[in-house]
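The values are calculated or read from the model by the stated rules, or taken from the named source; none is laboratory data. All values derive from a computational prediction rather than experimental measurement. Please note: Cβ atoms are built from the backbone with ideal geometry, for glycine as well, and neighbour counts cover all protein chains shown. With ligands, DNA and RNA removed, areas are computed over all heavy atoms of the protein, side chains included. Shrake-Rupley method; radii C 1.70, N 1.55, O 1.52, S 1.80 Å.
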Amino acid sequence: VFILSFRWGLKYGLMSGFLWGLLQVIFGDAYILHWFQFIVEYFVAFAFVGFAGIFMRQIQENFAKGNKGKGFMYVTLATFVGSFARYLIHYIAGIVFWGSYAPEGQPVWMYSLVVNGPAGLGSFLFCLIVLILLISVSPRILTESRKKSNYIPIK
């Protein structure tokens, strides 16, 4: 989702995140308490990762100009924004839908923070490390030509 967001922008980032949520459901990784929770946690939350696409222009321009340091700064910022947007939706859903699972005496906001915080932070760090490695090895994944390829089908 981040690569698509960096390469194609917000619209495609949101769309690919939505599809990622759909894949979670198709492959049986969804836990559904309520139809609204299902929509929020599997379609909205994953789509929100695509908000990283708002930094597409800055990321592409800096890498195109050879300014890798600033480019990676924007990659980090974009990854944080997309990860935080997803986390925020899961945090709110944790309060609204999962609050009844909080241990007795623990506020539901803290329960959601404790459950969703480490997962959100871990996801952000993992994605950032993978993105830095991928872009370091092959920065062209961000800017490769969007025009049709010279593919000639075999007859």
Show me the helices (runs of 4 or more DSSP H) entirely contained within segment 1-81 in which 2 or more residues are within 17 Å of Val130 (Cβ to Cβ) and modelled with pLDDT of 95 or more.
2-8, 10-26
Output for Cβ contacts, cut-off 8 Å, separation at least six or different chains, first residue more than 10 Å from Phe55 (Cβ to Cβ) in segment 76-88, second crowded, with 19+ Cβ neighbours inside 10 Å and β-branched (Val, Ile, Thr), reads Ser83/Val49; Ala85/Val49; Arg86/Val49
Determine whether Leu131 is in contact (Cβ under 8 Å) with a residue 12 or more places away in the chain, among the aliphatic types (A, V, I, L, M), more than 24 Å from Phe2 (Cα to Cα) and in contact with a Phe, Trp or Tyr (Cβ under 7 Å, 6 or more places away or on another chain).
no
Inside segment 12-33, can you point out the residues that are more than 13 Å from the chain's Cα centre (by Cα) and open to solvent by 80 Å² or more (accessible area, probe 1.4 Å)?
Leu23, Ile26, Phe27, Asp29, Tyr31, Ile32
Just the residues that are under 20 Å from the mean Cα position of the chain (by Cα), open to solvent by 40 Å² or more (accessible area, probe 1.4 Å) and more than 21 Å from Gly120 (Cβ to Cβ), please, taken from segment 34-59.
Arg57, Gln58
Over segment 96-131, the set of residues open to solvent by 40 Å² or more (accessible area, probe 1.4 Å), under 21 Å from the mean Cα position of the chain (by Cα) and aliphatic (A, V, I, L, M) is Leu113, Val114, Val115, Ala119, Leu121, Leu125, Ile129, Val130
